[in-house]
Amino acid sequence: DLGNYAYVADGTNGLTIYDTSKDPTDEFSGFFVGNIGYNQGSPLLGTTSGIELWTDPANGKRYAVLACGPNGVGVVDITDTNNLQIVKVFEPIKYEDEDVGSADGQAIDVEVVGNNAYFGYDSFGLIAYSMADLVEPVPAGIDPTELFVKKNNGIVRYDYRPEFLGKFKLQNELGFEDVDGGSVKMAYTQQSGNLYFYAAFGHYGVVKIDYTDPTAPTLLDAVPTASECVDVEISNGRLYVGDHGGGLVLFK
């Protein structure tokens, strides 16, 4: 929420804004404020399932940062609710055998901490971006939803996607190469200047990551759960874990 406005990650509808001070039962009350990303063909913002708001301290502009499912990372300028503008939508850069491509899987969740944004991918990993890089305008004439174009012969025509600061993937850690699961939902806490993320890691369980240095995330702990860890929340020094068929699990 921001003031009277509720900003909603609205699935294939993209980003939808409501005025919570108005009567939602009256279609003419002004309850519905605006929408961006909906497209009857291919949704411009993919399937949005996570949202965070950020205000640029340099100029006061406001942005919605979105986890856009198969479309990856999304940023929308929401400064003027009557004129929403897509800034960027892209799948993160992925290198395979020195060949540049796009991240596999879906962006499920997002958190903005300070001036960095952290995206949880179900198969690519937990990645960090600088908000300054995410909100930087694309060159004139470039479609903000088409930042990477590769020709049929494999030659890159252009690529305006920002590089991420750092990436964590459990399967890249020694001893975890063959585990199942990917980051679904996540929560974070800050203690003594350190930043810790707790990621619901699907079929594996819960993973704790030290992301104090956004360029060098470090695995601190990984705890299997009985079923499929799908969500985490932190409250009063405890970690509450939604474990699908395993029910609710609590950790200190």
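The values are calculated or read from the model by the stated rules, or taken from the named source; none is laboratory data. None of these values were measured; they are calculated from a predicted model. Note: ideal-geometry Cβ built from the backbone for every residue, glycine included; neighbour counts use all protein chains shown. Protein only, heavy atoms only, side chains kept; ligands, DNA and RNA dropped before computing areas. Shrake-Rupley method; radii C 1.70, N 1.55, O 1.52, S 1.80 Å.
Pairs meeting the criteria (first residue in segment 15-38 and at positive phi and assigned to a strand (DSSP E or B), second residue open to solvent by 30 Å² or more (accessible area, probe 1.4 Å) and hydrophobic (A, V, I, L, M, F, W, C), beta carbons under 6 Å, at least 6 apart or on different chains) are G37/L44. Of all the residues in segment 160-186, those that are open to solvent by 40 Å² or more (accessible area, probe 1.4 Å) and over 17 Å from the mean Cα position of the chain (by Cα) number 9.
Among residues of segment 74-100 that are more than 22 Å from G34 (Cα to Cα) and assigned to a loop (DSSP other than H, G, I, E, B), those with a Cβ under 9 angstrom from a residue that is among the aromatic types (F, W, Y) and open to solvent by 30 Å² or more (accessible area, probe 1.4 Å), sequence gap 6+ or separate chain, pair up as E91/F148; P92/F164. Look through segment 34-59, keep the residues that are of a type in the set (V, I, T) and touching a Phe, Trp or Tyr at 6+ places or on another chain (Cβ under 8 Å), and return whichever of them is least open to solvent (accessible area, probe 1.4 Å). Ranking the qualifying residues of segment 34-59, first place goes to I51.
Output yes when any residue across segment 18-33 is surrounded by 14 or more Cβ atoms within 10 Å (Cβ to Cβ), closer than 22 Å to I142 by Cα and in contact with a strand residue (DSSP E or B) (Cβ under 6 Å, 6 or more places away or on another chain), and no when none is. Checking segment 18-33: not a single residue is surrounded by 14 or more Cβ atoms within 10 Å (Cβ to Cβ), closer than 22 Å to I142 by Cα and in contact with a strand residue (DSSP E or B) (Cβ under 6 Å, 6 or more places away or on another chain). Search segment 106-136 for residues being open to solvent by 30 Å² or more (accessible area, probe 1.4 Å) and outside any strand (DSSP E or B), and hand back the single one that is farthest from F201 (Cα to Cα). That would be E136.
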